[in-house]
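Only one structure is covered here, and it is reproduced in the block below.
The values are calculated or read from the model by the stated rules, or taken from the named source; none is laboratory data. Computed from a predicted model, the values in this text were never measured in an experiment. A quick note on method: Cβ atoms are made from the backbone with ideal geometry, for glycine too, and the neighbour counts reach across all protein chains shown. Note: accessible area is taken over every heavy atom of the protein model, side chains too, but ligands, DNA and RNA are not part of it. Shrake-Rupley method; radii C 1.70, N 1.55, O 1.52, S 1.80 Å.
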Amino acid sequence: MSRPIQASINLPALTHNLSIVRKHAPNSRIMAVIKADAYGHGLLPATQALRAADGFALLELDAAITLREAGFKQPILLLEGFFSMQELRLFQQFQLNAVIHHSEQISMLLASKERNLGLFIKINTGMNRLGLRPEQYLMGIKKLQENSYANNVTLMTHFACADDSRQKESVLAQINCFKTITQQHNYPISLANSAAIIRYPETHGDWVRPGILLYGASPFTDQTAEDLKLQSVMTLSSKVIAIHDLRAGDRVGYGGFFHASRPMRIGIVACGYADGYPRHAPTGTPVLVNNQPSRLLGRVSMDMLTVDLTHIPNAGINSSVILWGSGVSVDEIANRSNTISYELLSALAPRVERTVAA
Ligand SMILES: *Cc1c(COP(=O)(O)O)cnc(C)c1O
C-alpha cells in the first residue's frame, strides 16, 4: 500500500462558494482565480466545478492552453501577461487575455500587429508590485488608442491591504487614485480580490477576481470561513502508522521539544513538511483523530508528525487523522503556523494524491 496521506477535494463546495461570491457581487462578472493549480486543488477538476464563472484568471500559460483545449470558452486572463513575442502568438492562437503591466509589453504588442487581444491594463495605485504608474498608463493608453490596439480594454488594479480592517485608509487611497486616472475613459474596470469583494462593495465594478473565497478559506484574521458561509474544499487526511506509550519525562521528536509530564499515548502520522504540512506548526495545533479533537506534539518532521492519543483509547494503527479541512479549518492551522491558508493550500506537495469527491 502507498502512504495513506491524501487531499480530498470537495467539488460541490467549490460550486457553493462561487454562489456565495455571486451573492456578494450580483452585478459583476466573476473572474475565478485558478492560479497555482487552482490554489493546490487541481486545475481541471476545480475549473470544472467553477464552470459557471464568467472567466478564469491564472499566470501559467500552459495551464491556460490546457483549459482552452478542454473546451472552456470563457475569457481566460493571464495575470502577468506575456513575456515574449513567441508567447504573444500563443495568446492570439488560443484567444487569451493579457494583463499589461509594463511598458515593455506595450512595445511588444505594437510590434506584433496583434490588434484584437483582450487587454487588462493594470495600474499601480499604491501596491508597487505590478502595474503602470498613472503617467505611464496615460501615455500607454494613448499609444494603444492611436494605433487601434484599444478595441477590447479593461482597466484593473490590485489592493495591498483589503484584508486588514486597520488599513482602510490605504484601500480608499487606492480606490481614489484609480478613479481619478480612469474616469476620463469609459472602459470596464476590475479591482476587487476576495477581501475587497466582502469589505468594499464599491469596488465591485465590471469584474471581480475572487481566489481564496472559492476555496473555502477566509482572507481575514477577524472573520472565519464559517462566518462567511463558505465550505471547505480540501480535506488533508492521513493515518496513524505507529503508536507509543510514553513514561513521564520522555521526549518526542527532533530536538526533543515535547516533554511528557505524565504517562501518555502518542500516534505517529504519515504527514510531514515534505507533504506541505507547515513545519512551524507548534505543539497544540489541532488535528482530528477518529473524528475526535486532538493536538500536535513536538516538531513536525519531513514525512511524519506526532499526535496525542492519551484521551482517545480507541485510536490505533490506521486510525484516520484529519490535518485540515472538514472539522479543522485550514485558516486555523495557518494562523498557528504564522502563515496564511493561501500558502498551505498552494504549497501542498505534488506527492500528495488529490482525490475528487463529486
Ligand atoms: C491572486 C490574485 C487575486 C485573488 O486573490 P484572493 O485574495 O485569493 O482573492 C486577484 N487578483 C490578482 C491580480 C491576483 O494576483
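For the range 277-293, the set of residues classified as under 21 Å from Arg262 (Cβ atoms) and buried (at least 21 other Cβ atoms within 10 Å of the Cβ) consists of Thr285, Val287, Val289, listed by residue number.
Would you check which residues across the range 53-63 are of a type in the set (A, V, I, L, M) and not in a loop (DSSP other than H, G, I, E, B) and list them? Answer for the range 53-63, where residues must be of a type in the set (A, V, I, L, M) and not in a loop (DSSP other than H, G, I, E, B): Ala57, Leu58, Leu61, Ala63.
Number of residues in the range 20-48 that are over 24 Å from Ser238 (Cβ atoms), away from the ligand (no atom under 16 Å from the Cβ) and either among the hydroxyl-bearing types (Ser, Thr, Tyr) or in contact (Cβ under 8 Å) with a residue 24 or more places away in the chain (or both): the value is 3.
Among the criteria (1) modelled with pLDDT of 95 or more; (2) touching a Phe, Trp or Tyr at 6+ places or on another chain (Cβ under 9 Å); (3) buried (at least 20 other Cβ atoms within 10 Å of the Cβ), the one Leu213 does not fulfil is (2). Pairing each residue of the range 203-218 that is free of Cβ contacts under 8 Å to residues at least 24 places away in the same chain with any residue that is away from the ligand (no atom under 12 Å from the Cβ) and part of a helix (DSSP H, G or I), provided the two are 6+ apart or on different chains, yields no C-beta distance under 6 Å. Sub-9 Å Cβ pairs linking a first residue in the range 99-123 that is farther than 21 Å from Val33 by Cα and within 16 Å of the ligand (Cβ to nearest atom) to a second residue that is of a type in the set (Val, Ile, Thr) and open to solvent by less than 20 Å² (accessible area, probe 1.4 Å), at least 6 apart or interchain, are Gln105/Val99, ordered by first then second residue.
Within the set Gln93, Gln6, the sole residue that is over 30 Å from Val240 (Cα atoms), surrounded by fewer than 19 Cβ atoms within 10 Å (Cβ to Cβ) and away from the ligand (no atom under 15 Å from the Cβ) turns out to be Gln93.
In this structure, is Asn128 surrounded by fewer than 16 Cβ atoms within 10 Å (Cβ to Cβ) and under 24 Å from Glu87 (Cβ atoms)?
Numbers: surrounded by fewer than 16 Cβ atoms within 10 Å (Cβ to Cβ): yes; under 24 Å from Glu87 (Cβ atoms): no.
So Asn128 does not fit the description; no.
Tallying residues that are open to solvent by less than 60 Å² (accessible area, probe 1.4 Å) and part of a strand (DSSP E or B) within the range 242-259 yields 5.
Inside the range 57-68, can you point out the residues that are surrounded by fewer than 20 Cβ atoms within 10 Å (Cβ to Cβ), touching a residue at least 24 places away in the same chain (Cβ under 8 Å) and farther than 13 Å from Gln95 by Cα? Break it down into steps so the answer makes sense when it comes.
If we filter the range 57-68 for residues that are surrounded by fewer than 20 Cβ atoms within 10 Å (Cβ to Cβ), which is where we start, we get 59-62, 65-66, 68.
Next, from what is left, pick out any that are touching a residue at least 24 places away in the same chain (Cβ under 8 Å): 59-61, 65, 68.
Result: Leu59, Glu60.
Looking only at the range 160-170, residues that are more than 9 Å from the ligand (Cβ to nearest atom) and in a loop (DSSP other than H, G, I, E, B) come to 3 in all.
A single entry from Thr125, Thr154, Thr66 fulfils the requirement of being hydroxyl-bearing (Ser, Thr, Tyr), assigned to a loop (DSSP other than H, G, I, E, B) and within 27 Å of the chain's Cα centre (by Cα): Thr125.
Does Ala225 count as modelled with pLDDT of 95 or more and either closer than 28 Å to His24 by Cα or in contact with an Asp or Glu (Cβ under 8 Å, 6 or more places away or on another chain) (or both)?
Yes, satisfied.
Considering the conditions (1) open to solvent by 20 Å² or more (accessible area, probe 1.4 Å); (2) part of a helix (DSSP H, G or I); (3) in contact with a His (Cβ under 6 Å, 6 or more places away or on another chain), Gln231 is excluded by exactly one of them, (2).
Within the range 266-276, not a single residue is over 19 Å from Ser237 (Cβ atoms) and open to solvent by less than 50 Å² (accessible area, probe 1.4 Å).
Within the range 69-90, if we keep just the residues that are part of a loop (DSSP other than H, G, I, E, B) and open to solvent by less than 30 Å² (accessible area, probe 1.4 Å), the residue that is nearest to Gly118 (Cα to Cα) turns out to be Gly81. For Val208, state whether it is open to solvent by less than 20 Å² (accessible area, probe 1.4 Å), at pLDDT 95 or above and within 14 Å of the ligand (Cβ to nearest atom). The answer is yes for Val208.
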